[in-house]
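Below is one structure; the comments refer to it alone.
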Amino acid sequence: MACEDFHDWRAIVLSQLSYSSSCETLGGCSSCRALATLETQINDTISALNLLLLKHRSKKTDLNRAHSQMMQKLPVEIMSLIFHLCSPATFQNDLENARQQDVFAPLTLGAVCRSWRHLAWSTPQLWTHLVFLRPFFKQPDRVSLAWEWISRSKALPLTIYVNLYDNERHMDGGPPLTHRPFLDILAECSRRWRDIDLNIPTHFLGYLFTKVQDMPKIDTLRLRPGITSRKAFKLFSGRAPSPRHVIASGLLLKQMNIDWSRVAEVKVDDFFVEDCMELFRCAPMLQKCDLVQVGYSMTPPSISPLSHDALRHLSFDSIDSGEDFFSAITLPNLISFSFDKHGHRCYNAALLPFFQRSSFPLTRLELLNIEFSFDDFKSLLGTVPTVTHLHLTMSPDLYDQDEKKRIREPLIHELTENTNLLPHLEMLEFSLHAYDHTDFRWKSIPAIVASLYRSDSSSRGTLKTFKFNLSHNHRRIDLIPRGIRVRLLTLRQAGAQIFCNDELIEKSKVFRDSIRGVP
């Protein structure tokens, strides 16, 4: 038989050895005795093959040493550092968006050869990032593997990401018994937690933190149960953690019995105004705060005035007007402020006094869906002459602006004529309002930009960038009419950077093709 007719030896099927004979002859018939002899020979051959495979594996290790001289000359410390750098930065800094092959990079390195496997296992830095996804909880046999992974990290701080979507209603009995071994493993290494992101239901959090007594190395704490529970409970039963960064979604302030004294950065949602104020009182070192979907209070809050001297960045995203909040807070050192009112535009009478009272050195200002009279808005901008980046909701007066007509929007007209208003402005950004239901016309963009880049002496020389956002879902810019593209290119050559949805207009391939050959 020709050699090519043989199957690959690695595809040999040994299931035929499982055979039961019905022979009733004492001592077996000749065929049964012959079959037994063959099976003995096969078993001896399998044992010999296993021995040969072991020698083959060992010889490959020798070959790797003989033919990879450069790698063999590197000190173990250098090799360990190279292995550590094989964990992509996206995995180290953003566990939620890490690709699965990045998560298991240490296993890939260990699969190359025996020497690499031993080196990978003895490099603790490779094993400090753990990712537990839903399939892990359904396979109890992986508990020992998870514990082995953690053990290889020795005593180093751990970064842990757990994502378990659960659409069941809250269960007072805690998580299922099949899911608890993984949570127990996490609890056992809690003294080494540095960054932990727990995207798990509330009853999982409750079970886990009853077993955690201390988190002395915690730096970043992300808690996202998903569904907000209004039940009165304390999240931590042991010593309250004292992180530097807190991200929480689906938890109330009264449920998070955190030591806020060290917290420098916070992002939370679904707080009431009084919760926001209490957070500022509890976190004197807070420098950056994102308050998302601040809600209506069930009863009119009684809020005492508060001044917070450490806060530098504030983002206030609210379904309410926010007047109660801005009437009580003073932030003298704020350099970045964003206020986004969900839904229809509203007037906020507390903003101007807040700006005047704080007198902050603001450089970035975002006011979205806020309605002002022009005089009030001009007065507000007059309190922050240090602003370099201004982001506003685009006025309906600008949707249909034409270069041949006088600018109807009073703010643009004022910025054009009065260079003493926001004298350091470098970026002007507009976003469309979802509730205006007005067709956007591209010709308004060169009209607006052209008015700010006039050739006369009153031109705003500091302005470098104009940016407009059509919508979150509209990412294309190849629908701009050809004539508008040519006009935008002319403005670009005059010194204006023009962005649409975070994309520099001139970088679009369709845009470049459309103006090819234009002088």
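Read the figures in this text as sums done on the coordinates, not as results from a lab. What you are looking at is a predicted structure, and each value in this text was computed from that prediction instead of being measured.
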Seminar exercise, completed: Residue separation between SER359 and ARG134 times 0.36 nm, minus their alpha-carbon distance, gives in nm 76.0 nm
Seminar exercise, completed: Going through LYS154/LYS254; LYS378/LYS464; LYS154/LYS288; LYS341/LYS378 one by one, the pairs whose alpha carbons sit over 30 Å apart turn out to be LYS154/LYS254; LYS154/LYS288
Exercise. Along segment 269-280, what does the Karplus equation 6.51 cos²θ - 1.76 cosθ + 1.60 (θ = phi - 60°) give for ³J(HN,Hα), rounded to whole Hz, x for Gly and Pro?
Worked result: 9, 6, 8, 8, 4, 5, 5, 4, 5, 5, 4, 5
For this session: Please list the non-local residues whose amide H lies under 5 Å from the amide H of PHE339, H modeled 1.01 Å from N, same-chain partners needing a gap of 5 or more.
Result: PHE316, GLU366, LEU367, LEU368
Problem set entry | Placed amide H near GLY295: partners under 5 Å, 5+ positions off or other chain | PHE271, PHE272, VAL273
Exercise. Going by the alpha-carbon gyration tensor, a ≥ b ≥ c the square roots of its eigenvalues, is segment 293-396 rounded (a/c under 1.5) or, if a/c is not under 1.5, prolate (a/b greater than b/c) versus oblate?
Worked result: oblate
Seminar exercise, completed: One finds the C-alpha centres of segment 179-199 and segment 123-156 to be spaced, in Å, by 10 Å
